[in-house]
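*Asks:* Just passing along the structure, written as structure tokens.
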Amino acid sequence: MGKKLFFLYFLIPFVAISYRTNGQGLACPTPPNNNTITVSPTTIICNGGCGKIGAAATATVPATNTYTIDSFPYNPYPYNGGTAYQALGDDVYGPLFNLPFPICFFGNSYTQCLIGSNGEVGFDLSLANSGITWTYGAIPSTQSGEIGSVMYPYMDIYFPDGGTIYTATYGTAPCRVFVVSGDSCSYFDAGDCPTQYITSQAVFHESTNQIDVNIKHKDVCTNWNSGNATLGIENIAGTVAYPIPGKNGSDWTADSLSYSFLPAGTAGGTVTYEWYDHNHLPVGSTDSVTICPTTSGYYYVVATIYSGCDTFTIKDSVDVLVGGGPDISSYNVVEPSTCGACDGKIILHGLVPFQPDTIYYAINGVNQPPQIITSWSDSTVTLINLCAATYSNITAKYGVCSSNVLPPVVLDNPPITAGFSYIVKYGCHGDTVVYTNLSSSPGATTINYTWKFGDGSIDTATNPTHIFLTQGTYTTELYISNTTCEDSTNQSIPLIHPIKASFTVSKDTICQGTQVNFTNTSIGNTVPTPPTYLWTFGDGNTSTLTNPSDIFLNYGVYVVKLVETDFVPCVDSAFYTVYVDSLSFNYFTTSDSVICLGKEVIFTGFNVAEGQTSTVWNFGDSTIITNRNPISYAYGSTGIFHVVYTANYRVCPDTSFSEDLTVLPYPVANIGPDTALCPGSGNITITDIANINNNAVTWLWNTGATTPSIVASTSGTYYVTVSQGGCSTTDSMFIGNDCYLDIPNAFTPNGDGVNDYFMPRQLLSSGLTSFKMEIFDRWGELLFQTTNIDGRGWDGRFNGVMQPQGVFVYMIDASFKDGSVQHYNGNVTLLR
């Protein structure tokens, strides 16, 4: 805070208050914060001029978006003091209640509240005159009695059985408190809780928004709602709550307890300023103001800090003195005698003769130590021993007042001048530059030279020669110095004489015998002489024209070369590859001269592959296949087909070859179905009945015979190959043995559907005409017999009893269609 005049204490009151931590008898609480104000120190304005005074207030205050909980010594307000609130029914909020002062609760300001019948003060004003929930859990909760409320505590209270709510306001603004008390309030259902009661109160503080709860006495009655009670605060959304630990939706007792809910948030606020003079007249409403006083006095500022629900006002003052000072009417300078000498002067005019003034100035922006100099009788003060520089902020001060400030004063050295000329000697691998120094430094005995050539190289010769290895534009800088003064100059030297051979072609892929045109796109200086060109086309031809052409008579790959030579002379080359495709022949062959229906034939095409892009087979039957060579193909129908083989090229003409092919059918062979015979009973004649009268076919049997028929006397497979026009077909016949019996040696009557019966009939040939089977155990007892060819056989049982695992004897008599009779006996094993 700034210095105060003695009478300010009567004109501007300052509030010095502390934060309430316990009881009801402390001064108005001020929440902990950094609300401060800083004003200008005592200000002196000289010569009746104008000056600025300013203030800065810090606007960080505790906000009610968060809280901290603190306990303090029990010292409540009277529980039966103030005005009795209207009688309330069970589990309800009363009507809107007008607050004696605004209350900030969870970031919102309220001028009204709700008083509930279950120990709560609510701020969800939409619940006025409505019922609230008496059963609940711990907070945070969305129950209607808990959202947006102060619970002091919240529990199931029944006023018709006893108790009174009181409201009271104590203190004076801005330090009032609003108190809601519940005195000797009965629990719900006095029959279950006949002697239990609670006496408690909620206290709201003006300005600080601090909330206290005081509990004189609280019993526990678990016979109703489990004795649950909640002591705390919760926002309207039901998402943030601050319960007292151990007292959140549980049963608990209390005597002489006090807690505070202290705003603990941080909110950046806005600040307004109002400035007044000592006559309390306004002089400005910004943080700093310009004043032009004619007499000394004080000025004070009132800063108001706004932050959400919180507003603070801070005051402070500053003294302003009015005085006189010196004046500099004019000045003149004396330059240094030589470059680098420090014998220059600045002479100030218009000061009071023989008055010791303090002279302030800065050299090249750097403040110098002040000098106390007494002016001469001619009202001048001389600053001596000055070097060439810029002298600024020159002012004279006598006492507390300063003179006017001179504009910047420049003391210059005698000139020292840098200069040079150059000539260039061009080269292919670097350009040489010869420099001639043209610098001057009057009166200097020693001159130092530094050359920077722009390519990172430095030289200190008077007239250097430098080689630049790469082409470009380089800025050469020359720095000269006579040990104290220096000068520099630079020149941009273009060293660009590129040579780059390049060209384009009209076509880079051609067919033999085609002309190609070449367009020269080379880079090269035309001064002092244009470049020359030499072309070699790779086919033996050359040219010196700028844009030549060439006809390539033979196919192949040719590398065209261009050689460019410039004035230096420097040489560069460029290359381009030209692809010359060949005019092609075309034909195809087949892997077989005879083509049969459905038989695969390999087609092979022949042509020059150079420049080829694709091949196409058209087989004359609507089938077209590309890019396969050789290819295997089989016709699906007979007839004459026109086959075309085409080779496509990128630049040369496409070629085709065609040929008509005849597809022949396969002959049909039929020697009849498979059959059977009994050995020794006669022969079977096998005949190709499909071609017996066809003299155009030939036969070849697997017996070696070449006749349409053969005679078979034994079982086996017989086949014949029938050929006509080069196409062949084969047919076969199997002759089986029709007179034999196949008897199994084991069976498994376990009911799984596989091999459950012993019955050779299952494997008999179709030549069986009669059948008899008998089964005996090892002691010769007959267990089973049958003559039924269509029966299932023996199921392993005797008289319905399953026989044990073991070996049994069978006897079988069989007659066949060829008249033969056979007898079989042997063993069969019954398995489990």
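The values are calculated or read from the model by the stated rules, or taken from the named source; none is laboratory data. Note that the coordinates shown come from a computational prediction; the quantities given were computed from them, not determined experimentally. Neighbour counts run over all protein chains shown; Cβ positions are idealised from the backbone, glycine included. Heavy atoms of the whole protein, side chains included, go into the accessibility calculation; ligands, DNA and RNA do not. Shrake-Rupley method; radii C 1.70, N 1.55, O 1.52, S 1.80 Å.
*Asks:* Considering 89, 145, which residue is more than 30 Å from residue 175 (Cβ to Cβ), more than 55 Å from the chain's Cα centre (by Cα) and in a loop (DSSP other than H, G, I, E, B)? Full working, then the answer.
*Replies:* On the way: 145 fails: more than 55 Å from the chain's Cα centre (by Cα).
89 is the lone residue from the list that is more than 30 Å from residue 175 (Cβ to Cβ), more than 55 Å from the chain's Cα centre (by Cα) and in a loop (DSSP other than H, G, I, E, B).
Let's see how each residue does on (1) among the aromatic types (Phe, Trp, Tyr); (2) in a strand (DSSP E or B); (3) within 30 Å of residue 53 (Cβ to Cβ):
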position: 249; (1), (2), (3): no, yes, no
position: 261; (1), (2), (3): yes, yes, no
position: 271; (1), (2), (3): no, yes, yes
position: 295; (1), (2), (3): no, no, yes
position: 305; (1), (2), (3): no, yes, yes
position: 322; (1), (2), (3): no, yes, yes
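*Asks:* Within region 361-387, track down each residue that is on the phi < 0 side of the Ramachandran plot and within 60 Å of the chain's Cα centre (by Cα). Spell out the reasoning first.
*Replies:* So the first thing to find is which residues in region 361-387 are on the phi < 0 side of the Ramachandran plot, and the list is 361-363, 366-378, 380-384, 386-387.
Listed by number, the residues that qualify are 361, 362, 363, 366, 367, 368, 369.
*Asks:* Still on this structure: Just for region 464-475: of the residues that are exposed (fewer than 14 other Cβ atoms within 10 Å of the Cβ) and touching a strand residue (DSSP E or B) at 6+ places or on another chain (Cβ under 8 Å), which one is modelled with the lowest pLDDT? Can you show your working first?
*Replies:* Step one: list which residues in region 464-475 are exposed (fewer than 14 other Cβ atoms within 10 Å of the Cβ), which gives 465, 469-470, 472-473, 475.
With touching a strand residue (DSSP E or B) at 6+ places or on another chain (Cβ under 8 Å) added as a condition, the list becomes 465, 472-473, 475.
Numbers: 465: 96, 472: 92, 473: 95, 475: 97.
Ranking the qualifying residues of region 464-475, first place goes to 472.
*Asks:* For the subset of region 595-614 comprising residues that are among the small types (Gly, Ala, Ser) and in contact (Cβ under 8 Å) with a residue 60 or more places away in the chain, which member is surrounded by the most Cβ atoms within 10 Å (Cβ to Cβ)? Spell out the reasoning first.
*Replies:* Here is the first cut: in region 595-614, the ones among the small types (Gly, Ala, Ser) are 598, 605, 609, 611, 614.
Subsequent filtering for residues that are in contact (Cβ under 8 Å) with a residue 60 or more places away in the chain retains 598, 611.
Working: 598: 13, 611: 22.
Once the filter is applied, the top-ranked residue is 611.
*Asks:* Could you grab me the full set of residues in region 150-174 that are more than 16 Å from residue 94 (Cα to Cα), of a type outside the set (Gly, Ala, Ser) and surrounded by fewer than 19 Cβ atoms within 10 Å (Cβ to Cβ)?
*Replies:* Within region 150-174, 161, 169, 170, 172, 174 meet the criteria.
*Asks:* Anything in region 476-506 that is open to solvent by 30 Å² or more (accessible area, probe 1.4 Å), within 51 Å of the chain's Cα centre (by Cα) and among the hydroxyl-bearing types (Ser, Thr, Tyr)? List them, or say none.
*Replies:* 492, 502, 504, 506
*Asks:* To continue, here is another question. Only one residue in 668, 711, 663 is of a type in the set (Val, Ile, Thr), assigned to a strand (DSSP E or B), in contact with a Ser or Thr (Cβ under 8 Å, 6 or more places away or on another chain) and modelled with pLDDT under 90, so which one is that? Before you say what the answer is, go through the steps one by one.
*Replies:* Details: 668 fails: assigned to a strand (DSSP E or B); 663 fails: modelled with pLDDT under 90.
Just one listed residue meets the conditions, 711.
*Asks:* Only one of 84, 56 is in contact with an Asp or Glu (Cβ under 7 Å, 6 or more places away or on another chain) and in contact (Cβ under 8 Å) with a residue 60 or more places away in the chain. Can you tell me which?
*Replies:* Only one candidate passes the filter, namely 56.
*Asks:* From the list 581, 592, exactly one residue is over 30 Å from residue 534 (Cα atoms) and open to solvent by less than 60 Å² (accessible area, probe 1.4 Å). Which is it? Break it down stepwise before answering.
*Replies:* Values: 581 fails: over 30 Å from residue 534 (Cα atoms).
Selected residue: 592, the only one of 581, 592 that is over 30 Å from residue 534 (Cα atoms) and open to solvent by less than 60 Å² (accessible area, probe 1.4 Å).
*Asks:* Could you please tell me which pairs satisfy a Cβ distance under 7 Å, a separation of 6+ or placement on different chains, a first residue in region 456-481 that is more than 19 Å from residue 419 (Cα to Cα) and touching a residue at least 24 places away in the same chain (Cβ under 8 Å), and a second residue that is outside any loop (DSSP other than H, G, I, E, B) and of a type in the set (Phe, Trp, Tyr)?
*Replies:* Listed by first residue and then by second, the contacts come to 468/474.
*Asks:* Keeping to region 640-660, report how many residues are in a loop (DSSP other than H, G, I, E, B), open to solvent by 20 Å² or more (accessible area, probe 1.4 Å) and in contact (Cβ under 8 Å) with a residue 40 or more places away in the chain.
*Replies:* Result for region 640-660: 3.
*Asks:* Go through region 339-434 and tell me which strands (runs of 3 or more DSSP E), entirely inside it, have 2 or more residues that are within 30 Å of residue 566 (Cα to Cα) and open to solvent by 20 Å² or more (accessible area, probe 1.4 Å). Reasoning before the result, please.
*Replies:* On the way: elements: 344-349, 356-363, 371-374, 380-386, 389-398, 409-411, 420-425.
Per the criteria, 420-425.
Here's the yes/no breakdown for (1) of a type outside the set (A, V, I, L, M, F, W, C); (2) touching a strand residue (DSSP E or B) at 6+ places or on another chain (Cβ under 9 Å):
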| site | (1), (2) |
| --- | --- |
| 178 | no, yes |
| 182 | yes, yes |
| 195 | yes, no |
| 205 | yes, yes |
| 212 | yes, yes |
| 218 | yes, yes |
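Every residue, every condition in (1) among the hydroxyl-bearing types (Ser, Thr, Tyr); (2) crowded, with 16+ Cβ neighbours inside 10 Å; (3) at negative phi; (4) in contact (Cβ under 8 Å) with a residue 24 or more places away in the chain, yes or no:
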site: 616; (1), (2), (3), (4): no, yes, yes, yes
site: 632; (1), (2), (3), (4): yes, no, yes, yes
site: 638; (1), (2), (3), (4): yes, yes, yes, yes
site: 668; (1), (2), (3), (4): no, no, yes, yes
site: 673; (1), (2), (3), (4): no, no, yes, yes
site: 695; (1), (2), (3), (4): no, no, yes, no
site: 720; (1), (2), (3), (4): no, yes, yes, yes
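*Asks:* Turning to a different aspect of this structure: Suppose we filter 738, 731, 756 for residues that are open to solvent by less than 50 Å² (accessible area, probe 1.4 Å) and either modelled with pLDDT under 80 or in contact with a Cys (Cβ under 8 Å, 6 or more places away or on another chain) (or both); which single one remains?
*Replies:* Working: 731 fails: either modelled with pLDDT under 80 or in contact with a Cys (Cβ under 8 Å, 6 or more places away or on another chain) (or both); 756 fails: either modelled with pLDDT under 80 or in contact with a Cys (Cβ under 8 Å, 6 or more places away or on another chain) (or both).
Of the residues listed, the single one that is open to solvent by less than 50 Å² (accessible area, probe 1.4 Å) and either modelled with pLDDT under 80 or in contact with a Cys (Cβ under 8 Å, 6 or more places away or on another chain) (or both) is 738.
*Asks:* Here is a further query. So for region 795-809 (the condition being in contact with a strand residue (DSSP E or B) (Cβ under 7 Å, 6 or more places away or on another chain), in a strand (DSSP E or B) and within 30 Å of residue 676 (Cα to Cα)), does at least one residue qualify? Before you say what the answer is, go through the steps one by one.
*Replies:* Looking only at region 795-809, we keep the residues that are in contact with a strand residue (DSSP E or B) (Cβ under 7 Å, 6 or more places away or on another chain), and these are 796, 798, 803, 805-809.
Within this subset, residues satisfying the condition of being in a strand (DSSP E or B) are 798, 806-809.
If we keep only those that are within 30 Å of residue 676 (Cα to Cα) too, we end up with none.
No, every residue in region 795-809 fails to be in contact with a strand residue (DSSP E or B) (Cβ under 7 Å, 6 or more places away or on another chain), in a strand (DSSP E or B) and within 30 Å of residue 676 (Cα to Cα).
*Asks:* Taking the condition of being surrounded by 14 or more Cβ atoms within 10 Å (Cβ to Cβ) and closer than 14 Å to residue 166 by Cα, how many residues in region 81-98 meet it?
*Replies:* Counting residues in region 81-98 that are surrounded by 14 or more Cβ atoms within 10 Å (Cβ to Cβ) and closer than 14 Å to residue 166 by Cα gives 6.
*Asks:* For the condition in a loop (DSSP other than H, G, I, E, B), hydroxyl-bearing (Ser, Thr, Tyr) and modelled with pLDDT of 95 or more, what is the one hit in 79, 136? Explain how you work it out, then say what you get.
*Replies:* Details: 136 fails: modelled with pLDDT of 95 or more.
Every option except 79 fails the conditions.
*Asks:* Take region 555-585 and flag every residue that is polar (S, T, N, Q) and modelled with pLDDT of 90 or more.
*Replies:* 565, 573, 577
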